[in-house]
1. Does region 65-74 include one or more residues that are at pLDDT 90 or above, part of a loop (DSSP other than H, G, I, E, B) and either touching a Phe, Trp or Tyr at 6+ places or on another chain (Cβ under 6 Å) or closer than 23 Å to Y306 by Cα (or both)?
2. Any residue in region 412-427 that is farther than 25 Å from E485 by Cα and either surrounded by 19 or more Cβ atoms within 10 Å (Cβ to Cβ) or at pLDDT below 95 (or both)?
3. For the condition in contact with a Leu (Cβ under 8 Å, 6 or more places away or on another chain), assigned by TED's automatic domain parsing to the domain that holds N16 and surrounded by fewer than 19 Cβ atoms within 10 Å (Cβ to Cβ), what is the one hit in K49, K97, K44, K110?
4. In region 17-33, what residues are modelled with pLDDT under 70 and surrounded by fewer than 14 Cβ atoms within 10 Å (Cβ to Cβ)?
5. Looking only at strands (runs of 3 or more DSSP E) that lie completely in region 377-462, which have at least 2 residues being touching a residue at least 60 places away in the same chain (Cβ under 8 Å) and more than 25 Å from the chain's Cα centre (by Cα)?
6. Please enumerate the residues belonging to region 292-329 that are surrounded by 20 or more Cβ atoms within 10 Å (Cβ to Cβ) and part of a loop (DSSP other than H, G, I, E, B).
7. Out of the residues in region 39-60 meeting the condition of being of a type outside the set (K, R) and in a strand (DSSP E or B), tell me which one is farthest from S305 (Cα to Cα).
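The values are calculated or read from the model by the stated rules, or taken from the named source; none is laboratory data. Just so it is clear, the structure is predicted and the values come from calculations on it, not from any experiment. Cβ placement follows ideal geometry from the backbone for every residue including glycine, while neighbour counts extend to all protein chains displayed.
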Amino acid sequence: MINNIENIELEYLTLNDYQELKSAMIEAYSSNMPDSYWRKAQIKSLIDKFPEGQVVIKINNQLAGCALSIIVDYDDFNEQHTYQQITGDYSFNTHSKNGNVLYGIDVFIKSEYRGLRLGRRLYDYRKDLCEKLNLKGIAFGGRMPNFHKYADSISPKEYIEKVKRKEIHDPVLNFQISNDFHPTKVLKGYLEGDAASNEFAILMEWDNIYYEKLNKKVTSKKTVIRLGLIQWQMRLYKDLEELMQQAEYFIDAVSAYRSDFALFPEFFNAPLMAENNHLSEPEAIRELAKHTPEIVQRFSKLAISYNINVITGSFPEMRDDLLYNVGYLCKRDGTTERYEKLHVTPDEAKIWGMQGGTELRTYDTDCGKIGILICYDSEFPELSRILAEDGMDILFIPFLTDTQNGYSRVRHCAQARAIENECYVAIAGSVGNLPKVHNMDIQFAQSMVFTPCDFSFPANGIKAEATTNTEMILIADVDIDLLRELNQFGSVRNLKDRRTDLFELRKR
């Protein structure tokens, strides 16, 4: 697996990518089907017929993987079709914009980029495209690259069952099943020349539960964003490795539900201070700050691997011999951005000698513009107002509170921010206790997602809420289009009706 990833992008395939694509295909299929690659004229035909269906993943501007597909009228094909038939003798004349199924023609990841879950990213794109185009589902013939090892003793059907029971390892079939595709039929003589599969394939399908048969609506950009909140249990960990294993477990969990964001709480890594409990509180937290660079690096890799934007909560960081409370937005495209806590609490300043940050801004993501305020900052309405004026749609608040009254301040202020700024607000905190960490003894939390209060939203302004003081994840969908409607046609219009003729808010 390659290191030093600076950028990862999902792009439409163009003819300018052809030479890289050709080399990648030759490498991907050299062991099973030498000289098997699409010619330039065929790729041009695919792009001309269905540009949205042809995508590539690029890492550091180098092609890392590819997915090709067409739309077919599935009723025109016998269930025992071949690859040659479904592609119209490799001309792709079977593509129809009025078809009902997205058919996968090819997908692969270059060997040096495997292990980053890029294949799942390509499949997720196909699922989103299928939903956007209101198609019944996705289908393709999946190869059986290890079947030749067992062909003398078992049938293709038995092979599939053994793979499903984990008695046989098949990297292709296992991967497809893990991405919600289900085998429906064995296709005999599917791909000519595929000796590893004995020319068998498995018809794999994914059903679009949002499909509407008579729906002829114009397609538009998807605006429903899925949030994954981690209500973190404070417990002792023997080292950073064990703590990050738990963090990855939660990222895996929320990404399995195709969440766009994972939100961690403030100071979720505080358990690592236990090994320095013999030191004074200021010394212990400065030791904790030494872990921050590695934590950020590892979160960035997890964001790429699990195809999710990770908001890392917060942790201590030393800069120019000063201690700050900071966090990082680790995007799934490989980039990271830093945010700071501007208002430190009296305890943070008195016990740890922590400084308040100076930077306040919004962050552009593939799901729109977001803001992030750490705990106490949410209790100052000026900050979120500035972010709202800059176009923020979702405000994330990682927090840490020890008592119920402390939590109530964060909760009620966060809910007020959602109403007054016509945005969604997600808060995530930690629960449990740390008896072996000074100044971090107890925690109280109930993670929640708040909305404005109007007819298109919950009457109480609460979209979702976790169980109080219980380790868990919270998944919630928020619709950005509803905010646009609220801004224009809401019962009240908090953003529009501000008396800017009487007062103004400025940021230095």
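1. So far as region 65-74 goes, no, none of its residues is at pLDDT 90 or above, part of a loop (DSSP other than H, G, I, E, B) and either touching a Phe, Trp or Tyr at 6+ places or on another chain (Cβ under 6 Å) or closer than 23 Å to Y306 by Cα (or both).
2. For region 412-427, residues farther than 25 Å from E485 by Cα and either surrounded by 19 or more Cβ atoms within 10 Å (Cβ to Cβ) or at pLDDT below 95 (or both): absent.
3. K44
4. Listed by number, the residues that qualify are S30, S31.
5. Values: elements: 394-398, 424-428, 430-433, 448-450.
The strands (runs of 3 or more DSSP E) meeting that bar are 430-433.
6. Y306, N307, I308, T312, G313
7. Among those residues, the one meeting the criterion is V55.
Conditions (1) of a type in the set (K, R); (2) over 17 Å from D393 (Cβ atoms); (3) out of contact with any Asp or Glu (no Cβ under 9 Å at 6 or more places or on another chain); (4) buried (at least 18 other Cβ atoms within 10 Å of the Cβ), marked per residue:
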{"site": "I462", "(1), (2), (3), (4)": "no, yes, yes, no"}
{"site": "T470", "(1), (2), (3), (4)": "no, yes, yes, no"}
{"site": "Q488", "(1), (2), (3), (4)": "no, no, yes, no"}
{"site": "V492", "(1), (2), (3), (4)": "no, yes, no, no"}
{"site": "D501", "(1), (2), (3), (4)": "no, yes, yes, no"}
